[in-house]
Amino acid sequence: MTEKEQRFFFAILYYAAIGAVLFFCFRYLLPWLLPFLLGAGLAALLHPLSLRTAKKWKLSEKTASLGIIIGFYLLIVSTASLFLAILLAQGYELLLRLPELYTQTIAPMLERVQSSLNAAAFRIFRDNSHLTLLSDAVSSVTRQAAVDGSAFLLSKLASGAARLPNFLLALLFTVMISLLTAGNYETVSDFIQQVIPPSAAAFTRRLQDFLRETLWQYVRAYTILMAVTFLELTVGLWIMGFSYVLPVAATIALVDLLPVLGCGTVLVPWGLFLLAGGDPAGGSGLLILYGIIALIRAILEPRVVGSHLGLHPVASITAMYAGLRIGGLVGMLLAPMAVLAVLKLGKPET
């Protein structure tokens, strides 16, 4: 084996080891340590603002830190409560009305699309019997899927409600840890530095730099972009007269957040379906709305993000699938970040 082949082999082992450690941490340690990590991380992110506030208003560092983090929680709770109350009310009503909406809206539109396809097929092939059988089967499957989908989503809501006490308990621990960390930031920081072995000090510094300069900036930037997309969708769908604007806009905005995918994966097929179903105003409106969102996104993204995730689309999709198999939806969202962490943290220091 040549020296070049040896370097390549050991590089593969090195990245595989980092990947295995990240997998173990994500799969087993993260659920246990998540309240501490979130609470301490939030206190660390708000600490610079607390220092500036203490200096400006002549307050003690502890008082300023507690005031800032309490104010942050009050702002988040008040905003989220109002938004979630409207979102959940509309979403629950939408789930209950899915079979009715299918019968009154989707089924007639499918029939119009089927008639158009049959007419086109007859003009081309002069025999549309097979197409008629296929379209009838598709219509039946779609009708049953709407009914089953409504029942499935309702069962998922019930399952989520059953897990709500554990979520609230974890949230309570997160808030307590953030308050304790903010009020004793220097003490907690010194303790963590003493616990970390000297051999891991360099890696810890690189991890801090990654979290502060790469991950946090990326999350902040795409949160802004998702909020802008949600606002655009809400206003656009409301102007066009669609019902249940908030849950629909929230769902599309979440799809837009996923790497590689975008809101066009929902708006474009939806718009084409409405056009084929005899609703040119609605279909054209959705396509125009997508064009506006894509244009604003192209203008804002370079200024807000500064640089993209840095992963090839194939790597992003592969990571998303692996994350979905390992940790469900949360794993799918976090997997590209984990791959980026391996690439960033695996580079030797210069």
Would you work out which of TYR28, VAL77, LEU101 lies farthest towards the positive end of the dipole of the stretch 3-119, given +1 charges on the beta-carbon of Lys and Arg and -1 on that of Asp and Glu, about the Cα centre?
VAL77
Positive minus negative residues near HIS47 (Lys, Arg vs Asp, Glu; Cβ under 11 Å)
-1
Within a Cβ distance under 15 Å of GLY67, other residues only, what is the Lys/Arg minus Asp/Glu net charge?
+4
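What is the calculated FRET efficiency for ILE196 to ALA281, with r their C-beta to C-beta distance and R₀ = 51 Å, to the nearest 0.05?
Efficiency computed from Cβ-Cβ geometry: 0.25.
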Length gain on complete extension for the stretch ARG27 to PHE210, per 0.36 nm per residue less the alpha carbon to alpha carbon distance?
63.8 nm
Using +1 at the C-beta of Lys and Arg and -1 at the C-beta of Asp and Glu, which of ILE239, VAL266, VAL195 has the Cα lying farthest in the positive direction of the dipole of the stretch 158-284?
VAL195
Give me the net charge for the shell around LEU246: Cβ to Cβ below 14 angstrom, other residues only, Lys and Arg +1, Asp and Glu -1.
-2
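On full extension of the chain, what length is gained from LEU343 through VAL219, given 0.36 nm per residue of separation minus the C-alpha to C-alpha distance?
Numbers: separation 124, 0.36 × 124 = 44.64 nm, distance 1.78 nm.
Gain on extension, LEU343 to VAL219, equals 42.9 nm.
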Kindly write out, for the stretch 234-248 in residue order, the coupling ³J(HN,Hα) from the Karplus curve 6.51 cos²θ - 1.76 cosθ + 1.60 (θ = phi - 60°), rounded to whole Hz, with x marking Gly and Pro.
4, 5, x, 5, 5, 4, 7, x, 6, 8, 6, 5, 5, x, 5
Rounded to 0.05, the calculated FRET efficiency for the beta carbons of ALA227 and TYR92 at R₀ = 25 Å is 0.60
Could you list GLU5, GLU61 so that the one with the fewest beta carbons within 10 Å of its beta carbon is first and the one with the most is last?
GLU5, GLU61
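All of the numbers you see were taken from the coordinates with simple rules; none came from a lab. In this text, all values refer to a predicted model and were calculated from it rather than measured experimentally. In this analysis, Cβ positions are derived from the backbone assuming ideal geometry, glycine residues included, and neighbour counts consider all displayed protein chains.
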